[in-house]
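The next block holds one structure in the form of structure tokens; read it before the comments.
The values are calculated or read from the model by the stated rules, or taken from the named source; none is laboratory data. This is a predicted model, so every value here is computed, not measured. Positions of Cβ are backbone-derived with ideal geometry, glycine not excepted, and every protein chain shown enters the neighbour counts. What goes into the accessible areas is simple: the full protein's heavy atoms, side chains included, and nothing from ligands, DNA or RNA. Shrake-Rupley method; radii C 1.70, N 1.55, O 1.52, S 1.80 Å.
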Amino acid sequence: MRANSFLYRTATMIVVFSALPGVTHAGITGFGDFSNFTINKSPLDSGPSPNIFPNKIELTDSAGSETRSIFYNVPQDISTFSASFTYQATGGAAASAEGATFCLQKTSQGAHAVDISLSGFGFNGLVPSDFPNRSAGLSLELSSPSGTSLYTQGSVTLGGANHTAAVNLLSGDPINVSLTYNGTILHETLTDAVTNAQSSFSYLINLPQLMGGSTAYVGFTAQTPAAIFGFVPEQQYFSDLQFNAVPEPSTIGLAAAGLAAIGFLGLRRRMGR
């Protein structure tokens, strides 16, 4: 009876564990008090420091000519992952420009990485002293019409898809952004939290190859144009950041096999008594 009970418990553990291939392990859960993040300003940015609120940051305000970044201090596994956040741009107009990126980067500056130029969503020119510059930026572009692209290597001329989104990033509405990456395809969904308008795009990219490894710093870059020539700088907010590394099914299978082996050995010991 004792041997049967032990076998039953072991088998139950294996079945439950194996049935959860979609379970994710949280790496970043919200901004919290921001103690786990580094906020940066370009040397050319003379604007006031970003405003922070509970689980929310105003990365740029309406001052113009601002270039900022914020990164989580601990590199995350980017082999396969899911991520989500809410983006909101307010106070601008149809003539607004620049915008922001969800950024993955791996440089010698770590979480202190910041664009040293004043163009390209705070991503263009991101720590160019590192060669090759290992970075990918999924843009939220405040041009008219607004759009989204995937850029690489700290350059807004590399890899851009230049999609025009059905979701209007200039509406002032909160935009919920959802991302999934399966190791080959990065899938992006934008949803207007007020109108429920939605846009989805997919990008073919090998992120570990681009980063030179399976980890990278996770965060955002943002930029506002100079308040001249009719441009109206936007206040850009980010909130509710979630980043979850997704274990591969093969990894789960190996773990289940390990549990099975442990259970078998335990059963043999008990039956041998």
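A few points about this structure:
- Förster radius 22 Å - calculated FRET efficiency between residue 84 and residue 164, Cβ distance, rounded to 0.05: 0.50
- Within the full protein context, the accessible area of residue 224 is estimated at about 10 Å² for a probe radius of 1.4 Å.
- Separation in nanometres of the label points that stand 7 Å from Cα toward Cβ, at residue 36 and residue 144: 4.1 nm
- Other-chain or far-sequence residues with amide H under 5 Å of residue 30's (modelled H): 241, 242, 243
- Solvent-accessible surface of protein heavy atoms, probed at 1.4 angstrom with all chains present, puts 177, 156 in the order 156, 177, largest first.
- Only alpha carbons enter this Debye calculation for the stretch 146-235, each as an equal point scatterer, and the log10 of I(q)/I(0) it gives at q = 0.14, 0.22, 0.26 Å⁻¹ is -0.64, -1.29, -1.43.
- Label-point separation in nm, residue 52 to residue 196, each point 7 Å along Cα→Cβ: 3.7 nm
- Integer Hz, Karplus 6.51/-1.76/1.60 couplings in order for the stretch 55-71, x for Gly and Pro: 6, 8, 10, 8, 6, 10, 10, 8, 6, x, 6, 10, 9, 9, 8, 9, 9
- Which of 204, 210 is most accessible, then next, and so on - probe 1.4 Å: 204, 210
- Heavy-atom SASA rank of 148, 191 (probe 1.4 Å, accessible area, largest first): 191, 148
- Residue 180 - accessible surface, heavy atoms, 1.4 Å probe, Å² rounded to 10: 60 Å²
- The stretch 66-152 - Rg over Rh from alpha carbon coordinates, Kirkwood radius: 0.97
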